[in-house]
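Below: the structure, in structure tokens.
The values are calculated or read from the model by the stated rules, or taken from the named source; none is laboratory data. Because the structure is a prediction, the values reported are computed rather than measured. Positions of Cβ are backbone-derived with ideal geometry, glycine not excepted, and every protein chain shown enters the neighbour counts.
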Amino acid sequence: MPSNETPTFETLLLETEAGICTITINRPEKLNALNQTVLSDLESAFMWIDKSPEIKAVMITGSGDKAFVAGADIKELSNLDAVTGRELSVNGQRVFESIESCSKPVVALVNGYALGGGTELALSCHVRIATENAVFGLPEVSLGLIPGYGGTQRLTRLVGKGKAMELVLTGRMVKADEALQLGIANSVAGSKGEAMDRANDMLGKMLKNSPVALARAIEAINSSEQGSDEGYRAEAGLFGSLCATEDFKEGTSAFLEKRKPSFSGK
Ligand code: DAK
């Protein structure tokens, strides 16, 4: 496709104004849960953004006012085994890595629930602006899983090991004001419209600067995390191994059947 033509996607809406491409994840009936189509659409969108000279910055948000992204699609997850679980984790990590290493500033506009893969997606963006009703959390352990899209690595770097241990092991949800205090959110706004204005203001300030300097600054800050590949590999391997457990089958089935899980530890 020619690089100046905005592509269309099954699960994403792309809109560009003044050089800022807004990506809206558009599965409102499933609270924008990340299935494999969303992941592959995101990967293609970022490949296009990278090459498109008209795009100077990116904003990612969720359709509607209730959710940014309510996690990985649990229905899809429930069919994974050790091999496909590891594969999905590696694929997802690659997509999120392409967002984190995008040479143009990427802001997550977190407009409601950002759970599991939703928090992981927000963490892979360069900056997070949340609405007052935003809720962050990594509840994977409640499904017999661990975060599989880089969340164990990125959350730890952002909030420190002690807080990351607490949040991942309890799966506790964090509201916008606490997210701000922890540094998960850079800023909190009263409404989605206000959050968009704030994101536009922040991006406007960034875009007054040299695009080459912005790209190099992103690269330099990301390279402070060099040597991290082992952590991501470990996360994918451990995630895959959990997909073969009875607790994982129980955790995902319980969600889909709308009941509380009963874990056997196997
Ligand atoms: N997946 C699939 N469907 C989901 C969903 C999800 N994550 N979250 C919500 N939905 C669906 C609901 O099933 C419901 O669909 P219908 O029953 O209407 O068909 C619809 O969206 C509306 O949701 P609710 O009726 O539940 O809405 P409520 O307002 O009552 O509750 C909620 C909102 C966000 C509190 C609730 O929906 C909820 O607890 N959602 C699940 C949150 C969650 O546990 N998310 C997953 C976290 S685990 C991987 C890598 C990473 C991951 C996984 C794999 N690999 C490497 C393989 C990450 C895992 C996660 O994200």
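Scanning segment 97-124 for residues that are of a type in the set (S, T, N, Q) and over 12 Å from residue 185 (Cα atoms) gives 98, 101, 103, 124. Annotation: of all residues in segment 131-140 being more than 9 Å from the ligand (Cβ to nearest atom) and closer than 21 Å to residue 74 by Cβ, the one that is surrounded by the most Cβ atoms within 10 Å (Cβ to Cβ) is 134. Residues in segment 143-167 that are among the hydroxyl-bearing types (Ser, Thr, Tyr) and either on the phi > 0 side of the Ramachandran plot or more than 9 Å from the ligand (Cβ to nearest atom) (or both): 2 in all.
For segment 114-130, the tally of residues that are more than 8 Å from the ligand (Cβ to nearest atom) and in a loop (DSSP other than H, G, I, E, B) stands at 2. Just one of the listed residues (84, 37) is surrounded by fewer than 19 Cβ atoms within 10 Å (Cβ to Cβ) and in contact with an Asp or Glu (Cβ under 6 Å, 6 or more places away or on another chain), namely 37. The one condition from (1) at pLDDT 95 or above; (2) among the basic types (Lys, Arg); (3) within 16 Å of the ligand (Cβ to nearest atom); (4) within 30 Å of residue 231 (Cβ to Cβ) that residue 86 does not meet is (1). Counted as qualifying within segment 148-216 are the helices (runs of 4 or more DSSP H) with 1 or more residues that are within 26 Å of residue 248 (Cβ to Cβ), hydrophobic (A, V, I, L, M, F, W, C) and at pLDDT 95 or above, namely 151-159, 161-170. So is residue 111 within 16 Å of the ligand (Cβ to nearest atom), of a type in the set (S, T, N, Q) and surrounded by fewer than 22 Cβ atoms within 10 Å (Cβ to Cβ) or not? In short, no. Within segment 64-83, residues that are free of Cβ contacts under 8 Å to residues at least 60 places away in the same chain sit with their Cβ atoms under 6 Å from residues that are within 6 Å of the ligand (Cβ to nearest atom), at 6+ positions apart or across chains, in these pairs: 67/31; 67/113; 70/31; 70/33; 70/113; 70/115; 73/33. Annotation note: Cβ proximity below 6 Å between a residue of segment 98-119 that is at positive phi and a residue that is within 15 Å of the ligand (Cβ to nearest atom) and in a strand (DSSP E or B) (sequence gap 6+ or interchain) occurs for 112/67; 112/68; 116/72.
Residues checked against (1) crowded, with 16+ Cβ neighbours inside 10 Å; (2) under 21 Å from residue 121 (Cβ atoms); (3) not aromatic (Phe, Trp, Tyr):
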{"residue": "154", "(1), (2), (3)": "yes, yes, yes"}
{"residue": "176", "(1), (2), (3)": "yes, yes, yes"}
{"residue": "179", "(1), (2), (3)": "yes, yes, yes"}
{"residue": "204", "(1), (2), (3)": "no, no, yes"}
{"residue": "248", "(1), (2), (3)": "yes, no, no"}
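Pairing each residue of segment 247-266 that is in a helix (DSSP H, G or I) with any residue that is exposed (fewer than 15 other Cβ atoms within 10 Å of the Cβ), provided the two are 6+ apart or on different chains, yields C-beta distances under 8 Å for 247/264; 247/265; 247/266; 250/262; 250/264; 254/260; 254/262; 256/75.
Scanning segment 139-150 for residues that are out of contact with any strand residue (DSSP E or B) (no Cβ under 8 Å at 6 or more places or on another chain) and within 19 Å of residue 245 (Cβ to Cβ) yields 140, 141, 142, 143, 144, 145, 146, 147. Within segment 52-81, if we keep just the residues that are β-branched (Val, Ile, Thr) and surrounded by fewer than 24 Cβ atoms within 10 Å (Cβ to Cβ), the residue that is farthest from the ligand (Cβ to nearest atom) turns out to be 55. Within segment 126-141, residues that are of a type in the set (Asp, Glu) have Cβ atoms under 8 Å from residues that are near the ligand (Cβ under 8 Å from one of its atoms) and not in a loop (DSSP other than H, G, I, E, B) in these pairs: 140/151, counting only partners at least 6 apart in sequence or on another chain.
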